[in-house]
Amino acid sequence: MKNIGIFYGSTTGNTGSVAEKIAENLGVAAADVFDVANVAPSEVGKYDLIILGASTWGSGDMQDDMQDFLNGVAAMDLSGKKVALFGCGDESMSDTFCNAVGEMYERMIKTGASIIGDFNADGYDYEHTDADVDGKIVGLLIDNMNHEDMTDGRVKAWCELLKAES
């Protein structure tokens, strides 16, 4: 697999835990897993595959640290790089479930990067997510509030997909 960097924004630690699970499944060293509150956006340039993760808060808002981090990343030319997205949310917020994934997608597509890792949201019950772009879910959606029992299996399956696509 290519050189992989994982960048996440986490307020309560949930998204950070998922980032660690992804790193474990992909064999990514701890030195290549970053809390975006503590790293410059330019760090993404060192990686061939950039994995971005954020939680969705309130009325569909992206986690603050990731919002700030993406302001810097969005100005970069990431042509030739691949980006995969994951997000944590609560399906009981059924009209904004994991909207951060959709927002990251919209911002990263403008950088010239190739977005990989489309996944399914089977087993969840929500009305709307911005992560649904043209009828496909553009990343991994995690709900540890209501479906923690599904997290490990989803992460493993998504990581296998990333291995095949990169």
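The values are calculated or read from the model by the stated rules, or taken from the named source; none is laboratory data. Computed from a predicted structure; not experimentally measured. Here the Cβ positions follow ideal geometry from the backbone for every residue, glycine too, while neighbour counts run over all protein chains shown. To get the accessible areas, we keep the full protein, side chains included, count just its heavy atoms, and leave off ligands, DNA and RNA. Shrake-Rupley method; radii C 1.70, N 1.55, O 1.52, S 1.80 Å.
Here are some notes:
- Three-way shape label, segment 1-47, alpha-carbon gyration tensor, a/c 1.5: oblate
- Taken per residue, the accessible surface of the chain reaches 44 Å², heavy atoms only and a 1.4 Å probe.
- Considering only alpha-carbon pairs that sit under 8 angstrom and 6 or more positions apart, the relative contact order computed for segment 112-166 is 39 percent.
- 10 Å Cβ shell holding at most 12 others, DSSP loop, trypsin sites (Lys or Arg not before Pro): longest site-free stretch of the chain: 3-109
- Extension gain, Glu165 back to Glu24 (0.36 nm per residue minus Cα-Cα distance, nm): 49.0 nm
- Span-like helix ranges in the chain, DSSP H, alpha carbon extent 27 angstrom or more, Kyte mean at least 1.6: none
- Label point distance in nm, Ser59-Met76, each placed 7 Å from Cα along Cα→Cβ: 3.2
- Local net charge near Ala37, Cβ-Cβ under 12 Å (Lys/Arg +1, Asp/Glu -1): -4
- Amide N of segment 126-144 lying under 11 Å from the label point, which is placed 7 angstrom from the Cα of Ile109 along Cα→Cβ: 131-136, 138
- Taking the accessible area of the chain, probe 1.4 Å, and keeping the other protein chains in place, the carbon and sulfur fraction comes to 44%.
- One decimal place: the segment Asp134-Ser92 gains 12.8 nm when fully extended, by the rule 0.36 nm per residue minus the C-alpha distance.
- Residues within the reach of a label modelled at Glu148 (point 7 angstrom out along Cα to beta-carbon, backbone nitrogen below 19 Å), restricted to segment 85-108, are 87-93.
- Listed residues Glu91, Glu24, Glu148, most fluctuating in the chain (Gaussian network, C-alpha, under 10 Å): Glu148
- Contact order normalised by residue count of segment 1-143, Cα under 8 Å, 6+ apart, percent: 23
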